[in-house]
Number of protein chains: 2
Amino acid sequence: MNFQVKFDINERIYLRNPENSEVGKLMVKKSIDLIYQLGFEQFTIKKLATEINSTEATVYRYFENKHSILLYILNWYWCYMEFLVAYKLENITDKKESLRIIVHLLTHELAGSESHFDYNKKYLNQIVISESSKTYLVKDITEINKNEVFKPYKDLCTRIAKVISEYNPNYKYPRSLSTTIIETSHHQQFFSVNLPKLTDVNSIKNSEFTNQFIEDFLFKIVD
Amino acid sequence: MNFQVKFDINERIYLRNPENSEVGKLMVKKSIDLIYQLGFEQFTIKKLATEINSTEATVYRYFENKHSILLYILNWYWCYMEFLVAYKLENITDKKESLRIIVHLLTHELAGSESHFDYNKKYLNQIVISESSKTYLVKDITEINKNEVFKPYKDLCTRIAKVISEYNPNYKYPRSLSTTIIETSHHQQFFSVNLPKLTDVNSIKNSEFTNQFIEDFLFKIVD
DNA sequence: TTATTTAAGATAGTAATACTATTATATAAT
DNA sequence: ATTATATAATAGTATTACTATCTTAAATAA
C-alpha cells in the first residue's frame, strides 16, 4: 500500500502557497536539500534561487525570509509526525505499547517513498535534529508566536501528553514530559554523533541508542 | 564573604586574550549585554565596536568571528557552573541532597555581585537558555570540536554524571541523563516563558517550575 | 634617555547577504 | 481578444562579516 498525505500549512507562514505551483513545490523540496547540505546559517535565498533555476525575487514572492522557509518545513514535519502518531496508534489498546511506538517514531528516520517529488526524509530528519530549535530560539518569538506558527508542534505535544496521561493519570507534568522526550530525541541523536562524550553511546546506531535511553527513562517516570 | 573566580579559557577560542586588556574585558562584558538585548542573530561586531567606543578592527584582533565570542561566553559559563557545583557539593555526603543542589543550580539564576566590572548574571543566564545550543548546532561542529572548545561542557557533564553514578551505580546512562537535565533546564525555562502550552507551568515562577519538574523526573529515573 | 616593540585607533575597501523595486514576457482565464 | 496573474530579468540598497594599511600612543628594553 502506498499513499500520500497533504497538510494545510498555516497561511501566515508563506506569502503565496508553494503547494499551488511547480516552482513553489520545487522551492520547498530544494530548500530541504540545501539546508541539509549547508546548514541553516549557510543556506541563502540566492543559493536556493540558483538551485531552482530562478531568481531571488521569485523566492521572495513565496516566503518573506529564510526563517519562514524553515518554519514551513518544520510545520510540515510536525503535522506529519502528528499524523504518523495518530495512524500508528490506531487500534492499539495497550498504552505501554502506544508509548513505545511514540518513542520509536521520535527517534527513527521517517519512512516514506524516496520519489523525485517527495521530500527527502533522511534530510528532513537531520534538519529536525539540527535546525528545529532555531525556529523558536529567536528574539522575536513573541511576535512570531502570535501567528500560531507553533500550533502543529503544540498539537503534537498535546497528543503525546494525552497518551502519557492515559497511561498514568496521576503524573503531574504530561506536557513538559512530552516536549522533553521530543527535544531529548533531537539533542541525544545530535550529541551521540557529534559530541559522543556527552552521551553513553556505544557501538550501536545512534537512533537505536536514543530510543533505548528515552524508553528507559520514560517508563521509569510514568510507571 | 566575597570572592572572585577566574578561569583559563581555551586559547584556541580567541586570537588575543580579552582578559589581558581593558578593551578586551569591556568587549566580553558588552557582548553579554548586547547578545541579551538583541539576540545572537541581531548581534553584530559593528554594534559591539560602537558600544565599546572602538572599531571593528579592534574586535577582530581579539576574536575571529562572532561565533567565537559566543563560545567564549559559554565556556566561561560552563567553567563557572562546574566550579559552583564543586563548591556547593563540598562536604555534602548525602547524594540525594547533592543531586537536589545540582538541579537547583541548573534551574536558577547565577548568584553573584552585580558590580560594574562583573558580567551581568541575569543576562548571562538568559543567554545560556536562549543561545547556548547555537554554539554546537552548526554545520562545522566536527572542525570546531577539534579545538576542544566543548571541554568545559563535557567536564560539567562528567561531574554531574559522577554524582548520578554514585547515587545509583546501576543506572546505565549517567552522561546522557546529565546532558538531558542540563538541556531540559534550558528549554523548559524557555518554553514556560515563551510557549507555555508546551509545558505544565502554572502560576509559579518558571525557574521554580522547571526545578520541580526536573527534580521529580530525575529521582524517578535514578531511584 | 632613546629606541623598539606592541596594541589600539582611524580609515578604507571587498564580497556576500537580505532584501526591494521595476519592467518585460509568458501563460491562463474570461 | 482582452485581461489578469505569475515569473524572469535586471538593478539597486543597506548591512554585514570580514581584511588591509597606516598612524598614534603607550609600555618596555637598551
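The values are calculated or read from the model by the stated rules, or taken from the named source; none is laboratory data. Please read all numbers here as calculations on a predicted model, not as lab measurements. Neighbour counts run over all protein chains shown; Cβ positions are idealised from the backbone, glycine included. Remember, those area values only see protein heavy atoms, side chains included, never the ligands or the DNA or RNA. Shrake-Rupley method; radii C 1.70, N 1.55, O 1.52, S 1.80 Å.
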**OP:** Calculate, for the protein assembly as shown, the solvent-accessible area per residue in square angstrom, rolling a 1.4 angstrom probe over the heavy atoms of the protein chains.
**Re:** 46 Å²
Original post:
Relative contact order (percent) for chain A, with alpha-carbon contacts under 8 angstrom and 6 or more residues of separation?
Top reply: 21 percent
Original post:
Pairing the Cα long axis of helix A:95-107 with the longest principal axis of chain A, what angle in degrees results, from 0 to 90 and rounded to the nearest 10?
Top reply: 40 degrees
**OP:** Using only Cα atoms, tell me the angle between helix B:174-194 and the longest principal axis of chain B; keep it within 0 to 90° and round to the nearest 10.
**Re:** 70 degrees
Subject >> Long pairs among A:220/B:172; B:96/B:220; A:66/A:139, criterion Cα-Cα beyond 18 Å >> reply: none
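Nearest 0.05, what FRET efficiency do residue A:16 and residue B:56 give at R0 = 25 Å with Cβ-Cβ as r?
On the way: r = 39 Å, r/R0 = 1.54.
Given R0 = 25 Å and the Cβ-Cβ separation, E is 0.05.
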Original post:
So what J values fall out for the range A:206-216 if you push phi through Karplus, 6.51 cos²θ - 1.76 cosθ + 1.60 with θ = phi - 60°, rounded to Hz, Gly and Pro as x?
Top reply: 4, 5, 5, 4, 4, 4, 5, 4, 5, 4, 4
**OP:** Among the aspartates and glutamates, select those whose C-alpha is under 12 Å from the C-alpha of residue A:47, and discard any that sit fewer than 8 residues away in the same chain.
**Re:** A:33, A:56
Original post:
Which percent of the accessible heavy-atom area of chain A goes to carbon and sulfur, probe 1.4 angstrom?
Top reply: 48 percent
**OP:** Round to the nearest 10 and give me the degree value, 0 to 90, for the angle of helix B:22-38's Cα axis relative to the longest principal axis of chain B.
**Re:** 60 degrees
Original post:
From the residues A:137, A:53, B:195, which one has its Cα farthest along the dipole of the protein assembly as shown in the positive direction, the dipole being from +1 and -1 charges on Cβ of Lys/Arg and Asp/Glu about the Cα centre?
Top reply: A:53
Original post:
When the dipole is taken about the Cα centre of chain A, and only Lys, Arg (+1) and Asp, Glu (-1) are charged at their Cβ, what size is it in debye, to the nearest 20?
Top reply: 300 debye
Subject >> Cross-link partners of residue B:121 among lysines (Cα-Cα below 16 Å; sequence separation of 8 or more within a chain) >> reply: B:6, B:25, B:29, B:30
Original post:
By a straight-distance test (C-alpha under 18 Å), which lysines pair with residue B:146 as possible cross-link partners, with residues fewer than eight away in the same chain excluded?
Top reply: A:197, B:134, B:154
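Where nothing but the Cβ of Lys and Arg (+1) and of Asp and Glu (-1) is charged, how large is the charge dipole of the range B:1-105 around its Cα centre, in debye to the nearest 20?
Roughly 100 debye for the range B:1-105.
Can you give the charge dipole size of the protein assembly as shown about its Cα centre, rounded to the nearest 20 debye, using +1 on the beta carbon of Lys and Arg and -1 on the beta carbon of Asp and Glu?
280 debye
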